[in-house]
Structure formats: structure tokens, C-alpha cells
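Here is the structure we will look at.
Values in this text are rule-based calculations from the coordinates and carry no lab data. This structure is a prediction, so every number in the text was calculated from the model and none was measured. No Cβ is skipped: glycine too gets one built from the backbone with ideal geometry, and neighbour counts run over all protein chains shown.
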Amino acid sequence: MTTDDHRQRFAEILATQPVGDGITYEQVLRAQSRQDLGISSLNMIIVLMNYIKKYTDGTIAVRPEWVPRLNDIDDIVAVLREIDAIGVEPARS
């Protein structure tokens, strides 16, 4: 998946959240930060948890090192890419 694909996915998950009501893909493309989209830090964590639930069936947990990266849109997209990569790794025994 490309960065643009993950931006699209971010816009799609936002559209399903009360905090993202009315936020479009074009707004996500133009935004530099979650604040530009009117998303608080707590709401961003909730969005992230819902993303994990939707795309990994909740098989991974939010990592503390991700939290400070949830301000800048590019960093948010990078976290989504990490989540997707972790979600498809084979289980280790």
C-alpha cells in the first residue's frame, strides 16, 4: 500500500467516526496535522483504536511509542502503515 492509499484509508476511517463527520479525503490531503482537521489528541487515539479493530480484528494493541506521533498527518499515516505491517505478520510461536 502506498502513502496515498493510507491517507485514503485514514479519511475512510475518519468518515465512520463521530469526530470525522464531514471530513473529506481532500481535507486530509491538505492538512498538516490532526488539529487542522479539528481532531483532539484523545479522539485521535480513539480513531487509531478503531482502525486497529477494523483492519487487524483487534489482534494488536496501541503501542505507547505511537502516541507522540499522532499529531502530524505524515506521522499518523506512518503509524497506520506500521499497524498494517504488524497485522499481516505471521504469528510467532
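Please work out the Cα center distance from the range 28-60 to the range 62-76, rounded to the nearest Å. If we compute the Cα centre of each part, the gap is 9 Å. Peptides 53-63, 37-47, 70-80 ranked from most to least packed, by the mean per-residue count of other Cβ atoms within 10 Å: 70-80, 37-47, 53-63. Between 0 and 90 degrees, the angle of helix 41-56 with respect to the longest Cα principal axis of the chain falls at about 50 degrees.
The stretch between Glu65 and Ala85, if pulled fully straight at 0.36 nm per residue, gains 5.6 nm over its current Cα-Cα span. Taking Cα atoms only, the orientation of helix 3-15 departs from the longest principal axis of the chain by about 70 degrees. Between Ser41 and Gln27, the contour length at 0.36 nm per residue exceeds the Cα-Cα span by 3.2 nm.
When the chain is described by a simple charge dipole with +1 on each Lys and Arg Cβ and -1 on each Asp and Glu Cβ, the residue from Phe10, Ile60, Leu70 located farthest towards its positive end is Ile60.
Extending 7 Å from Cα along the Cβ direction at Asp75 and again at Ala15 yields two label points whose distance is 2.7 nm.
With respect to the chain, whose longest principal axis is taken over its alpha-carbon atoms, helix 73-88 is tilted by about 30°. Among the listed values (i) 42, 27, 27; (ii) 43, 25, 21; (iii) 34, 30, 25, the one matching Cα extents along the principal axes in Å as calculated from this structure is (ii).
Relative contact order of the range 3-88: 30 percent, from C-alpha pairs under 8 Å at least 6 residues apart in sequence.
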